Amino acid sequence: MGTDEYVLTLSPSFAYCLSLPLSRPISLPLALSLCLSLASVDSIPASLKKIPSHAPYLLIGGGTASFAAARSIRARDPGARVLIVTDEPDLPYMRPPLSKELWFSDDPTVTETLRFKQWNGKERSIYFQPPSFYINPEEFDSAENGGVAVLTDKKVVHMDVRGNKVKLDDDTEISYDKCLIATGGVPRNLQVIERAGEEVIRRTTLFRKIEDFKSLDKASRNIKSITIIGGGFLGSELACALGRRSTESGLEVLQMFPEKGNMGKVLPEYLSNWTTEKVKREGVKIISEALVKSVTYKDDKLEIQLKDGRLVKTDHIVAAVGLEPNVDLAKSAGLEVDSDFGGYRVNAELQARSNIWVAGDAACFYDIRLGRRRVEHHDHAVVSGRLAGENMTGASKPYWHQSMFWSDLGPDVGYEAIGIVDSSLPTVAVFAKATAKDTPKAATEKSGTGIRSESETEDTATSPVVSATPAPSEQQHKDDYGKGVIFYLRDKVVVGIILWNVFNRMPIARKIIKDGEEHADLNEVAKLFNIHED
């Protein structure tokens, strides 16, 4: 055994492992030990995994919605065999920490471990489950009690809905009984960047996946200046995260957007202005009302020319300008794409056809309270995936749950929202003075979870104890936006609510929107959230 390779007739994973060329001879026991440690579901190249020819439940996409559906299917059908096909190299993982907690880790190996501390100090992995949770694809057909298998690095490129089968990018075909499309979305880019040439594109990050987090983390440690284009959730979270890093490393962090202030499309103007000042205090240089005219690479710098004549020089760009729902399969599958919202049109049961469901970012669904919508948030992916999974096993439940979303500008300021929150709508807000417990950090210490929707339930809110303290009007707290409730109105009915540094009260907000009633005095409604209690 002194040659430069071993070949044994064992399982595919062992055969692959033991036939790898070695730089120097090693003992057989050591070789076996190494292979035992590597022989997990995600350590074998996808090209060597046996691909099942049939899946009773086929889930296209490896994100949050798909994983939630798999758990839901297995809960209702314990012996079910579920196959997840994802074009990413990773097992299902949660995306929110990529722009939130991972950036605040003091672990120098965080890009490798992908483990992070929540604001409450508890540590967890970005992956929903370890590799041991899943069955190997080669065991899919023979698994006695069923299970969930994941095919990584595989892309579904064609759907034959009449034949109940799909084709992968390597021409492999898989037939199915029930299918879920949970393909999520792809980050939008600015056309001026796409047209700018290779040097500009190579220095631009479209932030979405684990690999994007790793590459941006590396870039931020090796360059002097980063410019984030976009003033929404993702852009503002990344700006705050990188801004904190800038105080230690001297990194210049700029954020530019066409609106007057951060979150300008979501927050009322006064609160957007307050948020902008908060982001500035995190070490970020804000360039507002910025429309990008062109981007060029010159003298080792990216030059961003704005339409009003301003010129910004930087080393790297992060384009955080929205998400395009991935509807690549619409044409071959003959599925309808919504012309207004994008995404696959589905009914209230998340069904696109008799045995095809859609969940997550790619679903344009009918909300029985707010009309047709498409939602791009973690909680919606969890809830819609869970419901789609139930309906794939015959539940026939309509989607009525109002999903929430949240954003943290570091551990000190955060908000949770529900319904339609659009700054073009009329708003009424009630604020109170914040205390030390009114922060995302304190909220996670109380709830025990960093992914706050995990503490969510679909239960209807019980009648809370109303605070006896009278609710002061918005004007009385003109500049003190420590904590509060913002109501968004359409035809005098509340269609959206933001809880600003108010946590664990989402069931109350959900009930208000579900009831759909007109309210003569929203100050009275605000009392339901007890924001004036110490």
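The values are calculated or read from the model by the stated rules, or taken from the named source; none is laboratory data. This one's a predicted model, so the numbers in the text were calculated from it and none came from an experiment. Because the Cβ atoms are built from the backbone with ideal geometry, glycine has one as well, and the counts that use them run over all protein chains shown. Please note that ligands, DNA and RNA were not included when accessible areas were found on the heavy atoms of the full protein model with its side chains. Shrake-Rupley method; radii C 1.70, N 1.55, O 1.52, S 1.80 Å.
Applying the selection to the range 143-170, what residues are at pLDDT below 95 and among the small types (Gly, Ala, Ser)?
143
State whether the residues of the range 424-443 include one that is touching a His at 6+ places or on another chain (Cβ under 9 Å) and modelled with pLDDT under 55.
Looking through the range 424-443, none of the residues is touching a His at 6+ places or on another chain (Cβ under 9 Å) and modelled with pLDDT under 55.
Say whether the condition of being in contact (Cβ under 8 Å) with a residue 12 or more places away in the chain and of a type in the set (Lys, Arg) is met by at least one residue in the range 121-140.
Yes, that holds for at least one residue.
How many residues does the range 142-165 hold that are crowded, with 20+ Cβ neighbours inside 10 Å and in contact with a Phe, Trp or Tyr (Cβ under 7 Å, 6 or more places away or on another chain)?
3
Of the conditions (1) modelled with pLDDT under 50; (2) of a type outside the set (Phe, Trp, Tyr); (3) open to solvent by less than 50 Å² (accessible area, probe 1.4 Å); (4) not in a loop (DSSP other than H, G, I, E, B), residue 43 clears all except one; give me its number.
Among (1) modelled with pLDDT under 50; (2) of a type outside the set (Phe, Trp, Tyr); (3) open to solvent by less than 50 Å² (accessible area, probe 1.4 Å); (4) not in a loop (DSSP other than H, G, I, E, B), residue 43 violates only (4).
Which one of these is under 20 Å from residue 317 (Cβ atoms) and among the acidic types (Asp, Glu): 269, 248, 289? Explain how you work it out, then say what you get.
Numbers: 269 fails: under 20 Å from residue 317 (Cβ atoms); 248 fails: under 20 Å from residue 317 (Cβ atoms).
So the residue among 269, 248, 289 that is under 20 Å from residue 317 (Cβ atoms) and among the acidic types (Asp, Glu) is 289.
Across the range 231-283, what is the number of residues that are of a type in the set (Lys, Arg) and not in a helix (DSSP H, G or I)?
Total meeting the criteria: 2.
Wholly within the range 59-115, which helices (runs of 4 or more DSSP H) include no fewer than the required count, namely at least 3 residues that are polar (S, T, N, Q)? Explain how you work it out, then say what you get.
Working: elements: 64-76, 96-99, 110-113.
Where helices (runs of 4 or more DSSP H) fall fully within the range 59-115 and carry at least 3 residues being polar (S, T, N, Q), they are 64-76.
Residues being modelled with pLDDT of 80 or more, in a loop (DSSP other than H, G, I, E, B), open to solvent by less than 20 Å² (accessible area, probe 1.4 Å) and not polar (S, T, N, Q): count how many of those fall in the range 394-415.
Summing the residues that are modelled with pLDDT of 80 or more, in a loop (DSSP other than H, G, I, E, B), open to solvent by less than 20 Å² (accessible area, probe 1.4 Å) and not polar (S, T, N, Q) in the range 394-415 gives 2.
Looking at residue 88, is it within 21 Å of the chain's Cα centre (by Cα) and modelled with pLDDT under 95?
In short, no.
So if I check each of 311, 291, which one is in the same structural domain as residue 246 (by the TED database), in contact with a Pro (Cβ under 8 Å, 6 or more places away or on another chain), loosely packed, with under 15 Cβ neighbours inside 10 Å and modelled with pLDDT of 95 or more?
The conditions single out 291.
Would you mind stating whether residue 221 is open to solvent by 40 Å² or more (accessible area, probe 1.4 Å), closer than 25 Å to residue 102 by Cα and touching a strand residue (DSSP E or B) at 6+ places or on another chain (Cβ under 6 Å)?
No.
Got a sec? Which of 237, 139 is buried (at least 19 other Cβ atoms within 10 Å of the Cβ), over 25 Å from residue 337 (Cα atoms) and out of contact with any Pro (no Cβ under 7 Å at 6 or more places or on another chain)?
237
Please state which one of 98, 83 is in contact with a strand residue (DSSP E or B) (Cβ under 9 Å, 6 or more places away or on another chain) and open to solvent by less than 40 Å² (accessible area, probe 1.4 Å).
Matching residue, one of 98, 83: 83.
Among the numbered criteria (1) surrounded by fewer than 19 Cβ atoms within 10 Å (Cβ to Cβ); (2) at pLDDT below 95; (3) out of contact with any Gly (no Cβ under 9 Å at 6 or more places or on another chain), which one does residue 378 miss?
(1)
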